[in-house]
Amino acid sequence: MFIAIVGGLFVGLLMGALGGGGAILAIPLLTFGLGLPVHDAAVASLVIVGLGALSGVSTHARYKHVWFQEGILFGVFGIGGAFLGTLMAKGIDSALLLSLFSILLVVVAGTMIRKALKPSTKPPTLNRLFARVDGKLVINFRGVIYLVITATIVGFLTGFFGVGGGFAIVPALMLVFGLAMPVAVGTSLLVIFLNSVTAFILHGEAAMHLDWVVVSVFTLLAMSGSVVGGKLAHHIPKKVLQLSFASLLIVISIYTAIQSVPQLLS
């Protein structure tokens, strides 16, 4: 229960502040800290991360940092990828799944460090998918194509690893739509909620085996932490948060690899 309380709060803080990273921490905590099988941990993380993200959306929306139109479409187009990822995950050994997950953590950490140390000096150009010009509806077709491709890839990661995908959604939103970091974070939480709901439905049969008391405590603390993290995000430099989070990911990746690789080789 201590792990559920502290872990849930920390997961929520990271999600609210960075727009993702919740499941990347939740899965190792649920697997190694609480002893859940990896597939059960993935399903539990979808509940924790999904509701934690929804809580964060409400906070960021107050600052007008959520693009609901693009966020909803991103989540909808990610359904196909989530379905494919879920099917592939079911046929893979747990040790292999955790080993792949540890590699993913390193990639994400490297991306975050690079972006934190070399921030773009190019001013962002906002590219809404739909806009009214002189009373006529204008569609950004290039933006729609980019959104479909990116959303499918992120959806696949969500279904395969049981993660919300925020580590990929935030940079994708900044690249495709030119969103500032705070808006990308808020919109990312909306996409994470939609992706998590979709993946949970696809993993639904595993929900019956979960310890819902522990999952509920973890989730409630994650929701509370997400609200606090959303407020703190406006006062703490993003560079500090990103570098700290990336370092933590590397530590978790090493620990996960130590636990899973010997099982994979045996």
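Values for this structure:
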| read-out | value |
| --- | --- |
| Residues with amide H under 5 Å from that of Leu179, placed H, sequence gap 5 or more | Met174 |
| Inter-label distance, nm, simple model (7 Å from Cα along the C-beta direction), Val251/Tyr63 | 2.5 nm |
| Charge sum, other residues only, whose C-beta stays under 15 Å from Pro37's C-beta, Lys/Arg counted +1 and Asp/Glu -1 | -3 |
| Helical mean residue ellipticity (222 nm; -39500 (n - 2.57) per DSSP H run of 4+; nearest 500) of the chain | -25500 deg cm²/dmol |
| Per-residue ³J(HN,Hα) for the stretch 64-69, Karplus 6.51 cos²θ - 1.76 cosθ + 1.60, θ = phi - 60°, Hz, x for Gly and Pro | 6, 10, 10, 8, 5, 4 |
| Sites Ile3 and Ile201, calculated FRET efficiency, Cβ-Cβ separation with R0 25 Å, nearest 0.05 | 0.40 |
| Cα-only Debye scattering, the chain: base-10 log of I(q)/I(0) at q = 0.07, 0.09, 0.11 Å⁻¹ | -0.22, -0.37, -0.55 |
| Calculated FRET value between Trp212 and Lys136, using beta carbons and R₀ = 45 Å, to 0.05 | 0.30 |
| Relative contact order computed over the stretch 1-265 (Cα-Cα under 8 Å; 6+ residues apart), in percent | 43 percent |
| In sequence order, calculated HN-Hα J values of the stretch 255-266 (Karplus, 6.51, -1.76, 1.60; Hz; x Gly/Pro) | 5, 5, 5, 4, 6, 9, 4, x, 5, 5, 7, 6 |
| The stretch 5-75, accessible area per residue, ligands and nucleic acids excluded (1.4 Å, Å²) | 30 Å² |
| Extension reserve of the Lys239-Val144 stretch, reckoned as 0.36 nm per residue once the Cα distance is removed | 31.2 nm |
| With every protein chain in place, the stretch 1-265: carbon and sulfur % of accessible area (1.4 Å) | 73 percent |
| Per-residue ³J(HN,Hα) for the stretch 17-23, Karplus 6.51 cos²θ - 1.76 cosθ + 1.60, θ = phi - 60°, Hz, x for Gly and Pro | 8, 10, x, x, x, x, 5 |
| Added length on full extension, which subtracts the Cα-Cα distance from 0.36 nm per residue, Met88 to Ile153 | 22.0 nm |
| With Cα atoms, 0 to 90° folded angle of helix 181-202 axis to the chain main axis | 50 degrees |
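The values are calculated or read from the model by the stated rules, or taken from the named source; none is laboratory data. Fair warning: this is a prediction, and the values are worked out from it, not measured in the lab. Neighbour counts are summed over all protein chains in view; Cβ atoms, including those assigned to glycine, are modelled from backbone coordinates with ideal geometry. Surface accessibility is based on the protein's heavy atoms, side chains included, excluding ligands, DNA and RNA. Shrake-Rupley method; radii C 1.70, N 1.55, O 1.52, S 1.80 Å.
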